[in-house]
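Below: the structure, in structure tokens.
The values are calculated or read from the model by the stated rules, or taken from the named source; none is laboratory data. Here the structure is a predicted model, which means the values were calculated and not measured. Here the Cβ is made from the backbone with ideal geometry for all residues, glycine too, and neighbour counts use every protein chain on show.
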Amino acid sequence: MARGSQTKAAIKRLVKRLAMAPGRFWPCRGSRILTYHSVGTRSHEMNVTPGMFERQMAWLAGHGGVVNLCGAAEGTGIAITFDDGYRDNLVNAAPVLRDCGFTATCFIVPGRMGGVLDHDRQESRPASDACVLMTWKEAASWREMGFEIGAHTMGHRRLSQCPAQEQYAEITDCARAIQQHLGVFPEAFAYPFGSSGDYDRTSVRLVQEAGFAYAVSNRYGVNGAARDRWALRRIWIDATDDMSMFRAKVEGRLDVLSVLDSDWGVRGRRVLNRLLKTS
Ligand SMILES: [Zn+2]
């Protein structure tokens, strides 16, 4: 991991440690949708190791289990999602989920199946096998194991930076490709990158018109009575979460982190990323 990424990881750990004590006074009611990316060996802040993933799932199994994403969209329970469709989700995460009797949703990028996302290629030259995404055949295996597939656009572009016509193609072509290759229309959509500045009102309207049932963002937080069905909040789980932080996130002792997705929080994170030259 580059020095900037190491510094960012240290800051994230510190913020979480500092937030946990006062955070216990601010737990919110509602569903918590966990966001994972790769579950493997790559050295990246969004990666969770297979061993840590297994420990996290074992803890969830002993504390009430999980619901499917549709249930979480209704505002109750804990759901598990994976963004981008890394091959290691099928290899490392799926067997653990199956052993726990859990369901999960993986948001795939049809225009990159079997390949590598642009930002992974830029960060890791040459792109390592650890960044490779599932093929269609592997996505079909994921479904055959009882898990769900969701849509994450055709090419993983930042929708807010695309004209409406390109947003339309990114969203509708993605749903169509999933239906063609897997024989099922995806119920759920995930905005790429997913912070408030990464999608706009046009994106939300196009997702509604495309026929999805609901959509998830990557804005941190809980989905309570006032939840937005077209931009459900999620809880990031990443390499900087030890078990105490994971439990705090699931139990609501870190719901206070939703301030990081306020307008000021997003601005602050962008400044930090620029200073550290991270993404
Ligand atoms: Zn993504």
Counted residues, the range 136-182 - those being farther than 22 Å from T202 by Cα and touching a Lys or Arg at 6+ places or on another chain (Cβ under 8 Å): 5
Subset of the range 198-221 (residues that are modelled with pLDDT under 95 and away from the ligand (no atom under 15 Å from the Cβ)): Y220, G221
Candidate set: the range 181-197, residues that are within 13 Å of the ligand (Cβ to nearest atom) and hydrophobic (A, V, I, L, M, F, W, C); chosen: the one farthest from H152 (Cα to Cα): F193
Failed item, numbered, when M46 is tested on (1) more than 14 Å from C131 (Cα to Cα); (2) not in a strand (DSSP E or B): (1)
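Within the range 167-195, count every residue that is hydrophobic (A, V, I, L, M, F, W, C), within 12 Å of the chain's Cα centre (by Cα) and on the phi < 0 side of the Ramachandran plot. Give the derivation first.
Restricting attention to the range 167-195, the residues satisfying the condition of being hydrophobic (A, V, I, L, M, F, W, C) are 169, 171, 174-175, 177-178, 182, 184-185, 188-190, 193.
Checking the rest, the ones that are also within 12 Å of the chain's Cα centre (by Cα) come to 189-190, 193.
Imposing the further condition that a residue be on the phi < 0 side of the Ramachandran plot reduces the set to 189-190.
Residues flagged as hydrophobic (A, V, I, L, M, F, W, C), within 12 Å of the chain's Cα centre (by Cα) and on the phi < 0 side of the Ramachandran plot within the range 167-195 amount to 2.
If you take the residues of the range 56-115 that are of a type in the set (V, I, T) and assigned to a helix (DSSP H, G or I), which of them is nearest to the ligand (Cβ to nearest atom)? Steps first, please.
Pass one, the range 56-115, residues of a type in the set (V, I, T): 66-67, 76, 78, 80-81, 91, 96, 103, 105, 108-109.
In the following step, the residues that additionally are assigned to a helix (DSSP H, G or I) were identified as 91, 96.
On the way: V91: 19, V96: 21 Å.
Applying the filter and picking the extreme gives V91.
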Filtered residues of the range 117-134 (kept if more than 18 Å from Y191 (Cα to Cα), within 17 Å of the chain's Cα centre (by Cα) and either within 13 Å of the ligand (Cβ to nearest atom) or of a type in the set (S, T, Y) (or both)): C131
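When the residues of the range 135-156 are narrowed to those that are aliphatic (A, V, I, L, M) and outside any helix (DSSP H, G or I), which ends up farthest from the chain's Cα centre (by Cα)? Write out each step before concluding.
Restricting attention to the range 135-156, the residues satisfying the condition of being aliphatic (A, V, I, L, M) are 139-140, 145, 149, 151, 154.
Checking the rest, the ones that are also outside any helix (DSSP H, G or I) come to 145, 149, 151, 154.
Values: M145: 20, I149: 13, A151: 12, M154: 16 Å.
Among those residues, the one meeting the criterion is M145.
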